[in-house]
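> My structure is below; once you've seen it, I'll send some questions.
The values are calculated or read from the model by the stated rules, or taken from the named source; none is laboratory data. Worth saying up front: this structure is predicted, and the values here are computed from it rather than measured. Ideal geometry is used to build each Cβ from the backbone, glycine not excepted, and the neighbour counts take in all protein chains shown.
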């Protein structure tokens, strides 16, 4: 399909129409993780994630807003690396008081599979959903509720607005709060302080770089660096 036709198609879709394509890779990942414990081994869980979630991202790709913005891609990659390493420090500092840092060592094959999923897959679907959809939709709802001529801000956002109209880097305090709550809800209670701080950090990067690419790079660098740190330090509690 020609690019201009794709853009027109996106602009016709409301936020209610777009919710499923943006959310389903995230929900599929959560569903697969829930199969763990005594039912399936860690290796099988991560193999399922690596096979299924990218397939869903590929299926939904045509509905996603562009990952790049007005800034140069090289700059977004560099800033993504910087913010990713800063995010690693923030995550470890805020998580450490709530966990047993030593933890239990992972089986090597399970560790490698999780490292692949955490570094290459999780950053894409989480940033697509949280800052690609939730933050933008929350911003539109926030703008609607300030408009006295709109009787139903939520209904307007879902059935008439489209996140494709949100300029890259646009934000409000309420949009950051809502997207941060959504991001934090996907983590364990012990991770909530770290999750809040990390989501705010990614929101700052979104505002500064005006693209999702930098957030994905940062998220991937944090997860990759965390895995490397855990493996060589033996502090498996962070993993």
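> Could you grab me the full set of residues in the stretch 87-113 that are in contact with a helix residue (DSSP H, G or I) (Cβ under 7 Å, 6 or more places away or on another chain) and closer than 20 Å to residue 184 by Cα?
87, 88, 90, 91, 92, 94, 95, 98, 99
> While we're on this one: Go through the residues of the stretch 214-227 one by one and say whether even a single one is crowded, with 16+ Cβ neighbours inside 10 Å, more than 30 Å from residue 66 (Cβ to Cβ), out of contact with any strand residue (DSSP E or B) (no Cβ under 7 Å at 6 or more places or on another chain) and touching a residue at least 60 places away in the same chain (Cβ under 8 Å).
Taking every residue of the stretch 214-227 in turn, none turns out to be crowded, with 16+ Cβ neighbours inside 10 Å, more than 30 Å from residue 66 (Cβ to Cβ), out of contact with any strand residue (DSSP E or B) (no Cβ under 7 Å at 6 or more places or on another chain) and touching a residue at least 60 places away in the same chain (Cβ under 8 Å).
> Still on this structure: Might you let me know whether the stretch 103-111 holds any residue that is part of a loop (DSSP other than H, G, I, E, B), surrounded by fewer than 21 Cβ atoms within 10 Å (Cβ to Cβ) and either on the phi > 0 side of the Ramachandran plot or at pLDDT 95 or above (or both)?
Taking every residue of the stretch 103-111 in turn, at least one turns out to be part of a loop (DSSP other than H, G, I, E, B), surrounded by fewer than 21 Cβ atoms within 10 Å (Cβ to Cβ) and either on the phi > 0 side of the Ramachandran plot or at pLDDT 95 or above (or both).
> Does residue 229 satisfy being under 19 Å from residue 111 (Cβ atoms) and at pLDDT 95 or above?
yes
> Mind listing whichever residues of the stretch 51-74 are over 16 Å from the mean Cα position of the chain (by Cα), surrounded by 13 or more Cβ atoms within 10 Å (Cβ to Cβ) and either at positive phi or touching a residue at least 40 places away in the same chain (Cβ under 8 Å) (or both)?
63, 69, 71, 73
> Could you tell me which residue of the stretch 146-162 is surrounded by the fewest Cβ atoms within 10 Å (Cβ to Cβ), considering only residues that are touching a residue at least 40 places away in the same chain (Cβ under 8 Å) and assigned to a loop (DSSP other than H, G, I, E, B)?
Per the stated criteria, the residue is 160.
> OK, next. Which residues, counting only those in the stretch 187-203, are part of a helix (DSSP H, G or I), under 20 Å from residue 128 (Cα atoms) and without any contact (Cβ under 8 Å) to a residue 40 or more places away in the chain?
Within the stretch 187-203, 195, 196, 200 qualify.
> Report every pair of residues separated by at least 6 positions or lying on different chains whose Cβ atoms are under 6 Å apart, first residue within the stretch 163-186 and without any contact (Cβ under 8 Å) to a residue 24 or more places away in the chain, second in a helix (DSSP H, G or I) and crowded, with 18+ Cβ neighbours inside 10 Å.
Cβ pairs passing all conditions: 180/199; 184/195.
> Now for a different question. Would you say residue 184 is assigned to a helix (DSSP H, G or I), touching a helix residue (DSSP H, G or I) at 6+ places or on another chain (Cβ under 9 Å), on the phi < 0 side of the Ramachandran plot and surrounded by 22 or more Cβ atoms within 10 Å (Cβ to Cβ)?
no
> Let me ask something additional. Does the stretch 1-26 hold any residues that are in a helix (DSSP H, G or I) and either closer than 17 Å to residue 125 by Cα or modelled with pLDDT of 90 or more (or both), and which are they?
Passing the criteria: 15, 16, 17, 18, 19, 20, 21, 22, 23, 24, 25, 26.
> Turning to a different aspect of this structure: Collect the residues in the stretch 25-50 that are buried (at least 18 other Cβ atoms within 10 Å of the Cβ) and within 15 Å of the chain's Cα centre (by Cα), keeping them in residue-number order.
If the condition is that a residue be buried (at least 18 other Cβ atoms within 10 Å of the Cβ) and within 15 Å of the chain's Cα centre (by Cα), then 25, 26, 28, 29 are the ones that fit.
> Still on this model: When residues of the stretch 27-50 are filtered for being touching a residue at least 40 places away in the same chain (Cβ under 8 Å), part of a helix (DSSP H, G or I) and touching a helix residue (DSSP H, G or I) at 6+ places or on another chain (Cβ under 8 Å), how many remain?
Of the residues in the stretch 27-50, 7 are touching a residue at least 40 places away in the same chain (Cβ under 8 Å), part of a helix (DSSP H, G or I) and touching a helix residue (DSSP H, G or I) at 6+ places or on another chain (Cβ under 8 Å).
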